[in-house]
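The values are calculated or read from the model by the stated rules, or taken from the named source; none is laboratory data. For clarity, every value in this text was computed on a predicted model and none was experimentally measured. No Cβ is skipped: glycine too gets one built from the backbone with ideal geometry, and neighbour counts run over all protein chains shown.
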Amino acid sequence: MAGDLFIFCAGSSPVKSAVAPRRRASPRIQPMLLYRTAPEGFWAVAENESDPGLRILYSDPFETLPGGWEYGTEVPRETTPLLMPVRPTKIVCVGRNYREHAKELNNPMPEEPLLFLKAPSALIGPNVPIVLPPESQRVEHEGEIAVVLRRRLSRGATPEEARSAVLGVTGANDVTARDLQKKDAVFARAKSFDTFCPVGPAIRVAADLEDLTVVTRVNGAERQRGHAGDMAFGIVDLLLYASRMMTLEPGDLLLTGTPAGVGPLLDGDRVEVEVSGAGVLSNPVEALRG
Ligand code: MG
């Protein structure tokens, strides 16, 4: 990850948040927001959420724990671009992790986590358009809590190791061509069209993995709301389960499933996913043209 540019902001969401966290994970590490802002170097800010400035982060957040981070000068948030905050080797996703969502699609709840992969080439950052492909007549949003790995995690890890392997959480939209998902035996096509994985805007470091809320809005209207406590399989259990089969690498993403309320995305829509204290991930939707 060296060579990326991150901006880091202490405090809560950079925007007025409807899902502010109810408590902090650790009295020693202050929850902070980590942004990537340019394709070289790391930048950071350690100010409160209402501060318009972002502080440059000199340290590599994948190498150094927040307590040892070194900061530089301040840059204005308003004029600083916010890019997709991760570059994973793989995106591990969980299907049917909320009972009400399984019910709305007439699916039974799985007895163990239902894993699938989404292609990293589907990743986009905040404000980049989700493009509706002509192959699908029904593209849907799935707002999700995404976990970003800081350290490698593989078979045999303990729950404590899984927890400490997490860099933080962010918002993700597991955009899905629902008609193709129903038609195909595997989800590869339906889940991995280019632009089908918006992520960001920030990684919330030192988040409480058991106390997270995810809200999805389309054109300002709330469509989905879920809490980590409603998951059939919790985040630490999912990390242990997935890492038993495939080693999770620094920067890898785990998408933890979507709550009930999935629905269509249409040309001209704007979809938002907000995860507690990680900011609002907002993307326009447009049909493929030309
Ligand atoms: Mg999903």
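Find the residue count for region 255-284, including only residues that are under 15 Å from Arg217 (Cβ atoms) and in a strand (DSSP E or B). Result for region 255-284: 13. Buried (at least 20 other Cβ atoms within 10 Å of the Cβ), assigned to a loop (DSSP other than H, G, I, E, B), within 15 Å of the ligand (Cβ to nearest atom) and assigned by TED's automatic domain parsing to the domain that holds Ser136 - does that describe any residue in region 233-254? Looking through region 233-254, none of the residues is buried (at least 20 other Cβ atoms within 10 Å of the Cβ), assigned to a loop (DSSP other than H, G, I, E, B), within 15 Å of the ligand (Cβ to nearest atom) and assigned by TED's automatic domain parsing to the domain that holds Ser136. When region 150-202 is limited to residues that are within 13 Å of the ligand (Cβ to nearest atom) and charged (D, E, K, R), the one that is nearest to Leu238 (Cα to Cα) turns out to be Asp174.
Of all residues being within 14 Å of Val147 (Cα to Cα) and of a type in the set (Lys, Arg) in region 68-98, which is farthest from the ligand (Cβ to nearest atom)? Just the residue, please. This residue is Arg87.
Cβ separations smaller than 7 Å between residues 6+ apart or across chains give the following pairs from region 187-199 residues that are on the phi > 0 side of the Ramachandran plot to residues that are among the small types (Gly, Ala, Ser): Thr195/Ala122. The residue list Asn106, Asn127 contains one member that is surrounded by fewer than 14 Cβ atoms within 10 Å (Cβ to Cβ) and out of contact with any helix residue (DSSP H, G or I) (no Cβ under 9 Å at 6 or more places or on another chain), which is Asn106.
Between Thr89, Thr80, which is out of contact with any strand residue (DSSP E or B) (no Cβ under 8 Å at 6 or more places or on another chain), part of a loop (DSSP other than H, G, I, E, B) and of a type in the set (Val, Ile, Thr)? Unique residue meeting the criteria: Thr89.
Just to check your reading of the model, which residue among Leu115, Leu132 is aliphatic (A, V, I, L, M), out of contact with any Leu (no Cβ under 7 Å at 6 or more places or on another chain) and touching a residue at least 24 places away in the same chain (Cβ under 8 Å)?
Leu115
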